[in-house]
Amino acid sequence: MPKHYVNKKVILLLDNVRYHHSKGVMELLDSIKNISLKYLPPYSSELNSIEHLWKDIRKNVTHNHLFESIDEIVQAIRKYFMTVQRSPAKVKRLCAYIL
C-alpha cells in the first residue's frame, strides 16, 4: 500500500464479481487493517465507474466501426486513452455518480 495511505482509513468499493469474494483476495485484504470493503449492489452497473468508461469507449471508438485487426482496435483504444488522459474534466465526469 502506498505510504500516504498507511495511517488513513481506506474504503475499497468492489462489484460482486466472483473473484472479489475469493479466499485469497479476502485473506489479503483482511491482512491490511485500515481497509474496509464495500460491495456495490448486484446488477448496479450504473454505480460502477468502469462501466461508464466502457460505455464511452464503445460510443467513441468501437461502435459501428469495422477494424481489420486486433492491432487496429488496440491502437484506437490507446488513442482514446491518450485523449482522455489530457482531459481531467472528462475523467471526473465518467467516474462520478451524481444522484
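Readers should treat all values here as calculations from the given coordinates under stated rules, not as data from a laboratory. Small disclaimer: the values here were computed from a predicted structure and weren't measured. Reconstructed Cβ throughout: ideal geometry from the backbone, glycine too, with neighbour counts over all protein chains shown.
Looking at the range 54-99 only, could you name the residues that are part of a helix (DSSP H, G or I) and charged (D, E, K, R)?
We begin by selecting, within the range 54-99, every residue part of a helix (DSSP H, G or I); these are 54-62, 70-85, 88-95.
Answer for the range 54-99, where residues must be part of a helix (DSSP H, G or I) and charged (D, E, K, R): Lys55, Asp56, Arg58, Lys59, Asp71, Glu72, Arg78, Lys79, Lys90, Lys92, Arg93.
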- Task: Would you be able to tell me the number of residues in the range 59-99 that are in contact with a helix residue (DSSP H, G or I) (Cβ under 9 Å, 6 or more places away or on another chain), within 25 Å of Leu13 (Cα to Cα) and of a type in the set (D, E, K, R)?
- Result: 2
- Does the range 84-99 hold any residues that are more than 21 Å from Leu47 (Cβ to Cβ) and surrounded by 12 or more Cβ atoms within 10 Å (Cβ to Cβ), and which are they? none
- Residue set Asn16, Asn7; condition assigned to a loop (DSSP other than H, G, I, E, B), under 14 Å from the mean Cα position of the chain (by Cα) and not small (Gly, Ala, Ser); output residue Asn16
- Message: So, Asp56, is that one in contact with a helix residue (DSSP H, G or I) (Cβ under 8 Å, 6 or more places away or on another chain) and among the charged types (D, E, K, R) or not?
- Response: yes
